[in-house]
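Here's the structure we're looking at; comments come further down.
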Amino acid sequence: MTFIKVCGLDDLWEGEMENFIVNGHEILLVCAGERVVRAFQGVCPHQDIPLSEGKFDGEKIICRAHLWQFDACTGKGINPDDCALAEYPVKIEGDDVYVKTEGVQALFAHS
Ligand code: FES
């Protein structure tokens, strides 16, 4: 399995996030800066709520359900800090965004 084209850089503006299904994986693409794109699991590790329904303030992804917060550059939990989002490798070639799904699985918290 290799990198799969997901969208163009023009489809995801700085400060935006959007949900995509890639190779059967629900993925949240986040644009945290010019040509800085991260790909995380698309559902909250808490209770399976789509993170794309939450907010992205440019630095943090905030789930709409119980307001858990995640660092948009690393996927690490900020509040609470004992959870994390699984991250997918991203490659930008020209103006296209590619993601690799192989070997990555969504993480879930126990609380
Ligand atoms: S489902 Fe996301 S914080 Fe509870």
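The values are calculated or read from the model by the stated rules, or taken from the named source; none is laboratory data. These numbers were taken from a predicted model, which means no experiment stands behind them. Here the Cβ positions follow ideal geometry from the backbone for every residue, glycine too, while neighbour counts run over all protein chains shown. Surface areas here come from the heavy atoms of the whole protein model, side chains and all, with no ligands, DNA or RNA. Shrake-Rupley method; radii C 1.70, N 1.55, O 1.52, S 1.80 Å.
Under the condition of being aromatic (F, W, Y) and buried (at least 22 other Cβ atoms within 10 Å of the Cβ), the residues counted in segment 19-68 number 2. Kindly indicate whether V6 is more than 16 Å from the ligand (Cβ to nearest atom), buried (at least 20 other Cβ atoms within 10 Å of the Cβ), in contact (Cβ under 8 Å) with a residue 12 or more places away in the chain and of a type outside the set (K, R). So V6 fits the description; yes.
If the condition is being assigned to a loop (DSSP other than H, G, I, E, B), more than 12 Å from the ligand (Cβ to nearest atom) and of a type outside the set (D, E), then segment 53-85 contributes G58, A72, C73, T74, G75. Can you tell me which residue within segment 72-89, out of those that are open to solvent by 50 Å² or more (accessible area, probe 1.4 Å) and under 12 Å from the mean Cα position of the chain (by Cα), is farthest from K5 (Cα to Cα)? Going through the qualifying residues, I end up with K76. Of the numbered criteria (1) of a type in the set (G, A, S); (2) touching a Leu at 6+ places or on another chain (Cβ under 7 Å); (3) within 16 Å of the ligand (Cβ to nearest atom), the one A39 fails is (3).
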